Amino acid sequence: MILMSRLLADYPRRGIVFLKKYMGSLEAEHTIASLHFQLTQLLNQLPGRKHEKWIARSLASLVRMAGEDLETLDWKILSASLYDMERGFQIFHPYRHIRKICIFGSARTASNAREYQMAANFARCVTQHGFMVLTGAGGGIMQAGNEGAGPDHSFGLNIQLPFEQSSNPYIEGNHKLIDFKYFFTRKLFFCGRAML
């Protein structure tokens with residue numbers, strides 16, 4: 001496993017200093033060697049290792065970060081971000097070969113407004129041309145997008161806010177509704193999954 005050796009050999013100096021401070025030199029070197037061995041074993045057990053380079057890089061980053069004196073909040077943010085991305089990747093994966101567009105707009109547009117009807121008609125039209133529709137899953141224009149596209153051709157990328165947005169009735173309960181914790185992970189999927 002040359003790749004993992006190279007990535008862990010790049011272990012930041014401050015990470016090694018941190019380990020040595022709390023463990024002593026010999027013990028720190030043993031810990032790094034043990035981590036290298038365990039990660040190599042883990043990689044060898046993973047099925048379908050066609051993305052081994054990227055998996056190794058990700059794991060090596062986590063190991064290097066573990067050597068830093070990070071705050072609990074930093075780990076909570078990292079963990080929640082990875083969970084957001086994991087769910088997003090899993091939900092979008094079966095639809096990866098279908099073109100998608102995003103429909104953005106006010107959450108407060110009434111369903112009898114001309115703009116609402118235009119958004120619903122637009123979504124209906126693009127799905128007839130083979131596209132799927134991504135919205136923020138809220139009301140107004142987002143709801144019109146999900147309504148026009150229909151449940152089979154809609155995604156809802158909702159954000160978990162305590163007193164604000166709940167999902168619109170046209171995407172609620174759909175397996176393609178994703179509730180994101182962070183705006184930046186939500187934006188990653190809006191930008192990364194739609195036609196640009």
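Which one is nearest to the chain's Cα centre (by Cα) among residues in the stretch 56-65 that are touching a residue at least 12 places away in the same chain (Cβ under 8 Å) and open to solvent by 60 Å² or more (accessible area, probe 1.4 Å)? Across the stretch 56-65, the extreme among qualifying residues is 57.
Screening the stretch 152-166 for residues that are among the small types (Gly, Ala, Ser) and within 23 Å of residue 96 (Cβ to Cβ) and picking the one that is farthest from the chain's Cα centre (by Cα) gives 154. Cβ-Cβ contacts under 9 Å between residues 6 or more apart (or on different chains), taken from a first residue in the stretch 75-100 that is closer than 17 Å to residue 132 by Cα and in contact (Cβ under 8 Å) with a residue 60 or more places away in the chain to a second residue that is open to solvent by 60 Å² or more (accessible area, probe 1.4 Å) and not in a helix (DSSP H, G or I), are listed as 91/175; 99/129; 99/195; 100/195. Annotation note: Cβ proximity below 6 Å between a residue of the stretch 105-122 that is within 21 Å of residue 157 (Cβ to Cβ) and a residue that is among the aliphatic types (A, V, I, L, M) and not in a loop (DSSP other than H, G, I, E, B) (sequence gap 6+ or interchain) occurs for 105/141; 106/141; 109/141; 116/144; 119/141; 119/144; 120/144.
A search for C-beta distances below 6 Å between a residue of the stretch 133-144 that is at positive phi and any residue that is of a type in the set (Val, Ile, Thr), counting only pairs 6+ apart in sequence or on different chains, returns 137/171; 140/109. Return the residues of the stretch 84-101 that are in a helix (DSSP H, G or I) and surrounded by 14 or more Cβ atoms within 10 Å (Cβ to Cβ); say none if nothing qualifies. Listed by number, the residues that qualify are 84, 85, 87, 88, 91, 92, 95.
The values are calculated or read from the model by the stated rules, or taken from the named source; none is laboratory data. Given the structure is predicted, the values throughout are model-derived calculations rather than measurements. Reconstructed Cβ throughout: ideal geometry from the backbone, glycine too, with neighbour counts over all protein chains shown. Note: areas computed on protein heavy atoms with side chains; ligands, DNA, RNA excluded. Shrake-Rupley method; radii C 1.70, N 1.55, O 1.52, S 1.80 Å.
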